[in-house]
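Here's the structure we're looking at; comments come further down.
Bear in mind these aren't lab numbers, they're just calculated from the coordinates by the rules spelled out. The model shown is predicted, which means the values in this text are computed figures rather than measured ones. Here the Cβ is made from the backbone with ideal geometry for all residues, glycine too, and neighbour counts use every protein chain on show.
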C-alpha cells in the first residue's frame, strides 16, 4: 500500500524515462550492497542456508531471478519482483499521463484482471495480475487519490473491494508460506488484524489525520527501512543461529537488531546515496541521448574514432 501511494505520488507529471530512472536509482544501489553482504554471510556461515551457485548470486544482482526460476539469496527479495511487475504496469499509466481518470481506470482494470486470473488458464494474465498482491498496490493508489483530490464514493469503493480481496487471500498465502500442515494449525486472525491496521493507518494518512506528526527522527528512520529490509532476514537468522549458544536470547536479539540497523544506515549513507546519485545522473544522460537520437560526447569519446572518407578509401577491404 505504501508503494502504491508513493509511486502514484512520485510519478505525477513525469515521463516514462524519468519514472524508470527514479525507480532504478532508488532500488538497485542498496540492493546490490545487500546481495553482496548476504552472500558473504551465507558463504562464511552456511548454517541456515548455503549459496548453491555463484551464478545464482550474479542473477540475483539483476533482481529478475523471480522470473526465471533462480532462488532468491534472501527470502525477503520475493517482494521486489512483485514490485517490478507493478512498476511495469504503472508505466502504462505514466505513458498516457498520470491523471485522476487514468489512475481510477488502472485500478479498475487491474482489479478485474486479478479476479479473473485465478479462473482462467493464461500464464501471462496470471503473471501480471498478481492477484494476492495487487489489492495492496491498488488500495495505495486510491488512498493517494483521496489525499490529492479528497475522498469520494468511487475511491472508497475501490478501497473497500481491495480490503475484501486482501482478506480473502490470507489463507492461500499462509498455505504457500507455511505449508498446509502448519497453516491449518496456525490461527489466521493476526494476519487479518494486521491487514485491517494497515488499511486504517493508510486511511488516516490519506484523510490528513496524521499531518500533525512532525517527529525529527522520522526521516532518518524512513531512510534505513529499505536497506534494513534487504539485509535483515537470512543474515539476521544466521547471526542468531551462530551465536545462540554463546549469548542469551534477549541480548542476542537486541544486539543483532542494533547491528542490522547500524549497517542499514551505513549502506544508506555510503552506498545508496552516492551510488544512487551517480546512477541517476548516468541514466538521465542515457535517456536524453535516446530522446535526442544522438549519443552524448561522453559516450562517443569511448568509441574508436571513425576514419574520414578519404582515409576510409585507403583501408584495404576486409580489415
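Points to keep in mind about this one:
- As a ratio to 2.2 N^0.38 Å, the alpha-carbon radius of gyration computed for the range 60-199 takes the value 1.12.
- Ranked packing of 95-105, 33-43, most packed first, by mean Cβ within 10 Å: 33-43, 95-105
- Length gained when the stretch residue 200-residue 185 is fully extended (0.36 nm per residue, less Cα-Cα span): 2.6 nm
- Choice from 93, 176, 51 with maximal GNM fluctuation in the chain (Cα, 10 Å cutoff): 176
- The GNM of the chain, with springs linking C-alpha atoms under 10 angstrom apart, assigns the highest mean-square fluctuation among 215, 45, 78 to 215.
- Rel. contact order, % - alpha carbon contacts under 8 angstrom, at least six apart, the chain: 26
- In plain terms, the C-alpha convex hull of the chain casts an average shadow of 23.7 nm² when viewed from every direction.
- Simple spin-label estimate for residue 218 and residue 126 in nanometres, 7 Å along Cα-Cβ: 4.2
- Mean residue ellipticity (222 nm) of the chain, computed from DSSP H runs ≥ 4 via -39,500 (n - 2.57), nearest 500: -23000 deg cm²/dmol
- Choice from 138, 213, 240 showing the highest fluctuation, given a GNM over the chain with Cα pairs closer than 10 Å: 213
- Full-stretch length increase - residue 9, residue 55 - with 0.36 nm per residue and alpha-carbon distance subtracted: 12.9 nm
- What the Cβ-Cβ distance of residue 148 and residue 171 gives, at R0 = 25 Å and to the nearest 0.05, is a FRET efficiency of 0.15.
- Over the range 1-121: Kirkwood hydrodynamic radius from C-alpha pairwise inverse distances, Å: 16.4
- Residues 74, 56, 211, ranked from the fewest to the most other C-beta atoms within 10 Å, line up as 211, 56, 74.
- Averaging the Cα positions of each part gives two centres, and for the range 227-270 and the range 132-162 these lie 36 Å apart.
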